[in-house]
Each structure stands twice: as structure tokens, then as C-alpha cells.
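Before anything else, here's the structure in question.
The values are calculated or read from the model by the stated rules, or taken from the named source; none is laboratory data. Because the structure is predicted, anything quoted here is derived from the model rather than measured. Note that we place each Cβ from the backbone using ideal geometry, even for glycine, and neighbour counts take in every protein chain shown. Calculation scope for accessible area: heavy atoms of the full protein, side chains included, ligands and nucleic acids excluded. Shrake-Rupley method; radii C 1.70, N 1.55, O 1.52, S 1.80 Å.
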Amino acid sequence: MHIYLKKKILYFQDYKIKCSIGKRGLTSRKSEGDLKTPKGNFNFTLLLYRADRIKNIRTRIKKRKIKKNFGWCDDPSSPCYNKLIHFPFKKSAEKLYLKKNIYDLILVLNFNTRPIIKNKGSAIFLHIATKKFSPTKGCVAIQKKDLTKILPLITKKTKFFIS
């Protein structure tokens, strides 16, 4: 099964889902902090979720509960660049445990993972969109109801094509 992203719409099986992308659009040359969503073919490697907000989660990929000290390193000078970290952390990292709900469900894509290339960009997620579908920092975001609907259908073999 495949998911296709074209012009801020995700296509998956019979679903056509509105989404938001990076503030500066799509790119074939992603770099850290450019606010662009990378073009390419990706797989989902992990589901991170807020167990206090999301109950009875159904998924066919590896999952992990988000704890209050979880973050994702976005500092290219760190040996932990583009990896899950735990706070306190001395380098720059994005917090994953937020008051707002955008990170209640996070599907991690295998962008810049094997090998990790410094400054190429970190943490491309499929996560929950804001009510107004505000642009992301480079991720793809959809409504919570849509994400919970497609989540049980996604496997580690599901391809996510961003073009």
C-alpha cells in the first residue's frame, strides 16, 4: 500500500485527505531549518503517541509512548542529530510532549536516517494538523480523525511518496 502527497492532499486507498506541509513548500534539497518538506519515497519507522490522550491505539508498526522528557535532536553538531533524545539535553532539540495536541500521534518517517547526514534535516513526521492547517516546519500534518482512521492500515512496508 502507498500514500501519495500531491498539492496538500494525501491519497491513500479510497481516502483523499487534506494536509499541511512545510511553510516554504516542498524541496528536493532539504536542509536543517529551511521550513520545507522533503520530496521523496519514505517508510514509517515508528509511532510515538501520548498515552494519556490517545486510548486503544491500533497500529501495525512499532509504537512507543511519549514521555514528558522526550525530544528530537535538531542540532547538526550533536552526535544525537536526528534522533530521539531525553531532556535535560545540552544541544538543540524539539520537545515532543506538548500542551497542544499536534504531537499526540507522530508517525516518524525514515528521512535522513541511514546514514544521517549533518544539516540535511531532521525529524520528518506525519502528525496532527492544527485546526487551521497551519504550515509545519517541514512535516506533513492531517486531522486527528484522519490519522486515526488510516493508522491501522499503515505497515512498515507502506510507502509514503511526497512529490
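Hey, Pro152 hits all of (1) within 22 Å of Tyr11 (Cβ to Cβ); (2) touching a strand residue (DSSP E or B) at 6+ places or on another chain (Cβ under 9 Å) but one; which does it fall short on?
(2)
Still on this structure, please answer the following. Find all pairs meeting these conditions: Cβ atoms under 8 angstrom apart; at least six residues apart or on different chains; first residue within segment 80-91 and over 22 Å from Leu46 (Cα atoms) and at pLDDT 95 or above; second residue open to solvent by 40 Å² or more (accessible area, probe 1.4 Å) and not in a loop (DSSP other than H, G, I, E, B).
none
While we're looking at this one, here's another question. Please name all residue pairs, on different chains or six or more residues apart, with Cβ atoms under 6 Å, provided the first residue is in segment 107-125 and is under 16 Å from Leu96 (Cβ atoms) and the second residue is surrounded by fewer than 16 Cβ atoms within 10 Å (Cβ to Cβ).
So the pair list comes out as Val108/Thr45.
Would you tally the residues in segment 111-163 being buried (at least 22 other Cβ atoms within 10 Å of the Cβ) and on the phi > 0 side of the Ramachandran plot?
So the count comes out to 3.
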